[in-house]
Amino acid sequence: MLKPASPDIGALKLVDDRLRWLSAWTIHHANHIRESDDGLKVGGHQASCASMTAIMAALYFHALGPNDRVAVKPHAGPVLHAIHYLLGTQSLDQLKNFRGFGGMQSYPSRTKDRIPVDFSTGSVGLGVAITAFASLIQDYLTAHGMLDEAERGRFVALIGDAELDEGNIYECLIEAYKHDIRNCWWIVDYNRQSLDATSADRMFERFDEIFRSCGWRTIELRYGKKLAATLKDNPALADWLDALPNADHSALLYQGGAAWRARLQEDLGKKADKLLKAHDDDQLAALMSDLGGHCMETLVEAFDAAQDDLPTLFVAWTVKGFGLPFAGHKDNHAGLMNPTQMAALRTSMGVEEGGEWEPLGGIGANARPGVDELIERSATPRDKRPRAFGSVEIPAIPAPSGDEQATQAVFGRILLDLAKAGGELADRIVTTSPDVTVSTNLGAWVNQRGLFKRREAADVFARAKIASAQKWSASNQGQHIELGIAESNLFLMLAAAGLAGDLFGERLFPIGTLYDPFIARGLDSLNYACYQDARFLLVATPSGITLGPEGGAHQSINPPLIALGQPGLRHYEPAFADELALMMHEAFRLIDDPAGESTYLRLSTRSIAQVGRSDDAWQADALAGGYWLREPGPGAEAAIVAMGAVMPEALAAHAELSADIPGLGLLAITSPDLLHRGWTAAQAARWAGRREPSHVENLLARLAPDAGLVTLCDAAPASLSWLGGVLGQRVAPLGVERFGQTGNLADLYGAYRLDGTAITEAIAEVLLTAS
Ligand SMILES: Cc1ncc(C[n+]2csc(CCOP(=O)(O)OP(=O)(O)O)c2C)c(N)n1
Ligand SMILES: [Mg+2]
């Protein structure tokens, strides 16, 4: 890590002022100056920005090294853009188009903003936690020889105090402690206000304890230098201020000097006399606002003193809306200054009318060289970096042989084969699972490739010669990162590992496994990973009521619908081993392709008879979302359309009904998600003059225009019922709509209408209702 150069505090303070002005002005411009043709409120958070400008000036213009990465509190996004505007890496056009179409985004976005954004933020709490997982991935890459010591950095999260209420932060804290993470700074903008109200006083001391017990150093930056010196001379005042409740503090900061005076007189009597005599109201207000998070000396000193790799929580006391007319007001979260207030702020900051966008407006000639030098020195490290793609050769993935196979078992076999065969892909795979490594069939892979731990850890059971199929010795060469049962952490880990190519220039192939129903437990984190275009393979197994005796709490119903609505994540649901091998190859390819995405494989523990293949023609169609497993006759009146583990029922029904229904086809769906996307894309393309039909249209066009479809899946029937809308064919949808329960397959498939009888009845239904 770079040793910080001795800073020019005066210049840093001027930069702080510029950031406060530019962020406020950018928001003001979007709301009050830019033309609006729809009358919608544009919005923005001037108070939340003003709270952090000093902290961010101290970081970006002093403390950050070139390899450090930052997750910025979402509603301080305009400050980050103002920083890049000063550094010359953000354009005036983008600032003017804040919250406009194609303009700088409301909250920092890796994929949409033009400035380098290290981590997207928006859903509070997630940007905080990903920094801990990114630091773990950094350790992983260094240990595996993919990242030089000299290229390592620190991961910084800038956090709102109310953000600390998000539970995912504590799940992450526990996991981070287990993995002994380092090189993390979490900096709390402790302005004692949330969106709705002032923050609860009682929690404050607890945060300290929670973090310390998880191995963090905690540093409180409560008062600035001036106020601290005053308090040192006046212990009664210090005790009083320390004990002042959050709501009172905020209210006084809003009311200003006269209110402080009256309250101090009332509470401290004579003990306040000296202070009150020495300060007029304005001076008193300024003194009482001198909190640690706004005092450049305090910030710089604190950052300089924390140069080791210990994870550190800084709690920087601040004023929400510092320096703005609504400073401290409990309702200021989305507050916007009116034009008169803005003009007053402009004058007070020495900015000329018409010169509002001047990057260094209001800075006098004498101060200019110092500020110029500061900016010059800070510029290079923050350039946008190219993403690492296309560097790894993906070898062919043969399907394991066997007459009867379950997709979950096949997944384990394929990984085992890859582990044994070796090669670059295998070496770059990193697996992770929230305490379901064994039950999702990753065990054999872990036996081969080992657990990752920074420090060696022997397998106590193996050493004691206790028989076990799992040999879990841990070292820094291991390739499996075991997590506790917290699915949100799984997705944040996949997000961090899936961004390794972007953050560190080294592609990893992260594979995460969990039970399909528990995807819902980490859904926002999964969405967060996809939103940032992190690349990974998610393997969800077991799934559906096919899980049988495990019962309803473990039998998933709606994940295919979740996948259907989730951008950046491709759902594949194979029935057979050869389909799965093909899809895993595709998933790896997509991870390393700039135009790729992440993949979700929904797998089953049900062993089913494999089908013979006469050629490979099915493969391209299977990758595109579906293929005719039993070809329909020309203009066939009906087809069975089935997905995944219930394929044996579909095949049996097809064999039985074909004699009575000539030309009956069996369409194997491998990805409703891809078929749906293709369908809507083809419709959009038609309006742009391109007439290519989509894959699903081609598949269904093999049937009569009024053919009947029986759709069948071990999931919500809506996953496939929409297929009737493609060409207007009739549909009888079979699937699971009630919570599952314990039972064997015959019981369950009978009760939930996934068996041969249900298919026969459904076929009769669609044929009888034919016009
Ligand atoms: C998961 C989630 N829930 C709710 C919100 C809406 N929201 C945005 S900011 C905020 C309060 C933030 O308060 P704090 O973290 O203290 O930040 P400040 O603006 O005070 O700096 C809320 C509730 C959100 N962005 N994400
Ligand atoms: Mg706050």
Within the bounds of segment 596-619, is there any residue that is more than 30 Å from His554 (Cα to Cα), of a type outside the set (Ser, Thr, Tyr) and open to solvent by less than 20 Å² (accessible area, probe 1.4 Å)?
yes
Which residues, counting only those in segment 173-217, are within 21 Å of Val70 (Cα to Cα), within 11 Å of ligand 2 (Cβ to nearest atom) and among the hydroxyl-bearing types (Ser, Thr, Tyr)?
Tyr190
Only helices (runs of 4 or more DSSP H) wholly contained in segment 119-228 count here; list those with 3 or more residues that are away from ligand 1 (no atom under 16 Å from the Cβ) and farther than 30 Å from Glu424 by Cα.
167-178, 203-213
Of the criteria (1) in contact with a Cys (Cβ under 7 Å, 6 or more places away or on another chain); (2) modelled with pLDDT under 95, which one Leu173 fails:
(2)
First in segment 181-197 and on the phi < 0 side of the Ramachandran plot and of a type in the set (Phe, Trp, Tyr), second anywhere and at pLDDT 95 or above and within 6 Å of ligand 1 (Cβ to nearest atom), Cβ under 7 Å, 6 or more apart
Tyr190/Asp161
Taking segment 547-562 and keeping only residues that are assigned to a helix (DSSP H, G or I), of a type outside the set (A, V, I, L, M, F, W, C) and open to solvent by 10 Å² or more (accessible area, probe 1.4 Å), one is left with Pro549, Glu550
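So that you can scan it fast, the table gives a plain yes or no per residue for (1) surrounded by fewer than 24 Cβ atoms within 10 Å (Cβ to Cβ); (2) of a type in the set (A, V, I, L, M); (3) in contact with a Ser or Thr (Cβ under 9 Å, 6 or more places away or on another chain):
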{"residue": "Ala486", "(1), (2), (3)": "yes, yes, no"}
{"residue": "Leu490", "(1), (2), (3)": "no, yes, yes"}
{"residue": "Ala496", "(1), (2), (3)": "no, yes, yes"}
{"residue": "Gly512", "(1), (2), (3)": "no, no, yes"}
{"residue": "Pro517", "(1), (2), (3)": "yes, no, yes"}
How many residues does segment 308-321 contain that are open to solvent by 50 Å² or more (accessible area, probe 1.4 Å) and not acidic (Asp, Glu)?
1
Over segment 722-739, the set of residues part of a loop (DSSP other than H, G, I, E, B), free of Cβ contacts under 8 Å to residues at least 24 places away in the same chain and closer than 14 Å to Asp706 by Cβ is Gly728
Pick out the one residue from Arg449, Arg413, Arg454, Arg387 that is in contact with a helix residue (DSSP H, G or I) (Cβ under 8 Å, 6 or more places away or on another chain), of a type in the set (Lys, Arg) and closer than 22 Å to Ser607 by Cβ.
Arg413
Contacts under 6 angstrom Cβ, first residue in segment 103-122 being more than 15 Å from Ala82 (Cα to Cα), partner open to solvent by 30 Å² or more (accessible area, probe 1.4 Å) and within 16 Å of ligand 2 (Cβ to nearest atom), 6 or more apart:
Thr121/Tyr107; Gly122/Tyr107
Which of the residues spanning segment 630-651 are surrounded by fewer than 24 Cβ atoms within 10 Å (Cβ to Cβ) and farther than 17 Å from Ala406 by Cβ?
Arg630, Glu631, Pro632, Gly633, Pro634, Gly635, Ala636, Glu637
What is the number of the single condition among (1) within 16 Å of ligand 2 (Cβ to nearest atom); (2) open to solvent by 10 Å² or more (accessible area, probe 1.4 Å); (3) not hydrophobic (A, V, I, L, M, F, W, C) that Gly125 does not meet?
(2)
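The values are calculated or read from the model by the stated rules, or taken from the named source; none is laboratory data. This structure is a prediction, so every number in the text was calculated from the model and none was measured. Counting neighbours? That spans all protein chains shown, and the Cβs are built from the backbone with ideal geometry, glycine included. Surface accessibility is based on the protein's heavy atoms, side chains included, excluding ligands, DNA and RNA. Shrake-Rupley method; radii C 1.70, N 1.55, O 1.52, S 1.80 Å.
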